[in-house]
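Peer 1: Below is the structure I would like to discuss, written out as structure tokens.
The values are calculated or read from the model by the stated rules, or taken from the named source; none is laboratory data. Not measured: the values here are computed from a predicted model. Methodologically, a virtual Cβ is constructed for each residue, glycine included, from the backbone with ideal geometry; neighbour enumeration extends over all protein chains shown.
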Amino acid sequence: MIFVTGPLFAGKREYICKALGWSEEDLARRGIWEVQNLAGQEEDLEKLAKNLAQYEVVIATEVGGGVVPVDPVQRQNREAAGRLACLLAQRADRVIRVFCGLPQALKGELP
């Protein structure tokens, strides 16, 4: 599995489609994105990470930067998203961070 992360609107989906020679339809069939939104809805993050790792590509938007939310639920969701990203990175063969459309290999090599 390839785990791709980076800020909002950084070009994560565009990069991975181009790098793998996939269309948007291929990505929709073989990958999943915006998985950080699933973290706050799932009590068992290990199980969620295991299920998500079945996809060829998993994409998450980084949510840990900036001001910490005052709302306790938002803070909890943000923490869960960070924990999920760590679990996915552990399971991934490759971890790529895309920032301003530029890929950086954090684990493994760029495709």
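Peer 1: Can you tell me which residues in the range 41-52 are assigned to a loop (DSSP other than H, G, I, E, B) and either free of Cβ contacts under 8 Å to residues at least 12 places away in the same chain or over 17 Å from ARG75 (Cα atoms) (or both)? Step through it out loud before you land on a result.
Peer 2: Keep residues of the range 41-52 that are assigned to a loop (DSSP other than H, G, I, E, B), which gives 41-44.
GLN41, GLU43, ASP44 - these are the residues of the range 41-52 that are assigned to a loop (DSSP other than H, G, I, E, B) and either free of Cβ contacts under 8 Å to residues at least 12 places away in the same chain or over 17 Å from ARG75 (Cα atoms) (or both).
Peer 1: Is it fair to say LEU27 is under 26 Å from LEU102 (Cα atoms), in contact with a Cys (Cβ under 7 Å, 6 or more places away or on another chain) and hydrophobic (A, V, I, L, M, F, W, C)? Show your work before the answer.
Peer 2: Working: under 26 Å from LEU102 (Cα atoms): yes; in contact with a Cys (Cβ under 7 Å, 6 or more places away or on another chain): yes; hydrophobic (A, V, I, L, M, F, W, C): yes.
Here the answer is yes, as LEU27 does meet what is asked.
Peer 1: Something else about it: Being at pLDDT below 95 and touching a Pro at 6+ places or on another chain (Cβ under 7 Å) is the filter here; which residues of the range 84-111 pass it?
Peer 2: LEU110
Peer 1: Follow-up. Closer than 20 Å to LEU106 by Cα, within 16 Å of the chain's Cα centre (by Cα), surrounded by fewer than 16 Cβ atoms within 10 Å (Cβ to Cβ) and of a type in the set (Phe, Trp, Tyr), is that true of PHE3?
Peer 2: Details: closer than 20 Å to LEU106 by Cα: yes; within 16 Å of the chain's Cα centre (by Cα): yes; surrounded by fewer than 16 Cβ atoms within 10 Å (Cβ to Cβ): no; of a type in the set (Phe, Trp, Tyr): yes.
The answer is no for PHE3.
Peer 1: Another one. Part of a helix (DSSP H, G or I), in contact (Cβ under 8 Å) with a residue 12 or more places away in the chain and of a type in the set (Phe, Trp, Tyr), is that true of TYR55?
Peer 2: Details: part of a helix (DSSP H, G or I): no; in contact (Cβ under 8 Å) with a residue 12 or more places away in the chain: yes; of a type in the set (Phe, Trp, Tyr): yes.
Answer is no for this residue.
Peer 1: Checking TYR15 against (1) free of Cβ contacts under 8 Å to residues at least 60 places away in the same chain; (2) crowded, with 16+ Cβ neighbours inside 10 Å, which single condition isn't satisfied?
Peer 2: Answer for TYR15: the failing condition is (1).
Peer 1: Now, a different point. Restricting to the range 18-29, and then to whatever is touching a helix residue (DSSP H, G or I) at 6+ places or on another chain (Cβ under 9 Å) and within 15 Å of MET1 (Cβ to Cβ), can you tell me which residue is surrounded by the fewest Cβ atoms within 10 Å (Cβ to Cβ)? Before the answer, list the steps.
Peer 2: First, pick out the residues of the range 18-29 that are touching a helix residue (DSSP H, G or I) at 6+ places or on another chain (Cβ under 9 Å): 20, 22-24, 26-27.
Still in the running and within 15 Å of MET1 (Cβ to Cβ): 20, 22, 27.
Details: LEU20: 16, TRP22: 18, LEU27: 20.
Residue satisfying both the conditions and the ranking: LEU20.
Peer 1: Also: Report, by residue number, each residue of the range 65-103 that is more than 22 Å from ILE32 (Cβ to Cβ) and either under 10 Å from the mean Cα position of the chain (by Cα) or acidic (Asp, Glu) (or both).
Peer 2: The answer is ASP71, and nothing else.
Peer 1: I need the full set of residues from the range 69-111 which are assigned to a loop (DSSP other than H, G, I, E, B), on the phi < 0 side of the Ramachandran plot and small (Gly, Ala, Ser), in order please. Before you say what the answer is, go through the steps one by one.
Peer 2: Residues of the range 69-111 that are assigned to a loop (DSSP other than H, G, I, E, B), as a first pass: 69-71, 92-93, 100-101, 108-111.
Filter again for on the phi < 0 side of the Ramachandran plot, leaving 69-71, 92-93, 109-111.
Selection gives ALA92 alone.
Peer 1: Further question on the same structure: Can you report the number of residues in the range 34-89 which are among the β-branched types (Val, Ile, Thr) and crowded, with 17+ Cβ neighbours inside 10 Å? Walk me through how you get there before you give the answer.
Peer 2: Taking the range 34-89 and keeping what is among the β-branched types (Val, Ile, Thr), we get 35, 57-59, 61, 63, 67-68, 70, 73.
Still in the list and also crowded, with 17+ Cβ neighbours inside 10 Å: 35, 57-59, 61, 63.
Going through the range 34-89 one residue at a time, the tally reaches 6.
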